[in-house]
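See below for the structure under consideration.
The values are calculated or read from the model by the stated rules, or taken from the named source; none is laboratory data. Note that the structure is predicted; figures quoted are calculated from it, not measured. Glycine gets a Cβ as well: all are built from the backbone with ideal geometry, and neighbour counts include every protein chain shown. Surface accessibility is based on the protein's heavy atoms, side chains included, excluding ligands, DNA and RNA. Shrake-Rupley method; radii C 1.70, N 1.55, O 1.52, S 1.80 Å.
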Amino acid sequence: MTSPGRYHVLVTSGGRPIQHGWWVSEETARAKYKRWIGSVGNMPEPRVTLTDEETGTVLTAWPTES
């Protein structure tokens, strides 16, 4: 069985998962992350995160927490 990818992008709305995907390439995952931010404008309480699943580190999240 092959791994789905190291980099995971997750979109949530109101704390509930809406869409997600995994990519082997960080560059591709970051491009998806940016594209998905542009598609969540009408969702209540949108959040988009990019996580390195190998290390468990959240690489970036939108919106940023103040």
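Label separation (TRP62 vs SER39): 1.2 nm, computed from points 7 Å beyond Cα along the C-beta direction.
Each Cα pair under 8 Å and six or more residues apart adds its sequence gap; the mean of these over the residue count of the chain is a relative contact order of 33 percent. Think of a 1.4 Å ball rolled over the protein heavy atoms: the chain then has 69 Å² of accessible area per residue.
Rounded to the nearest 10 degrees, the angle from helix 26-37 to the longest Cα principal axis of the chain is 20 degrees. Protection proxy ranking, highest mean first, for peptides 46-53, 32-39: 46-53, 32-39, where packing is the per-residue count of other beta-carbon atoms within 10 Å, averaged.
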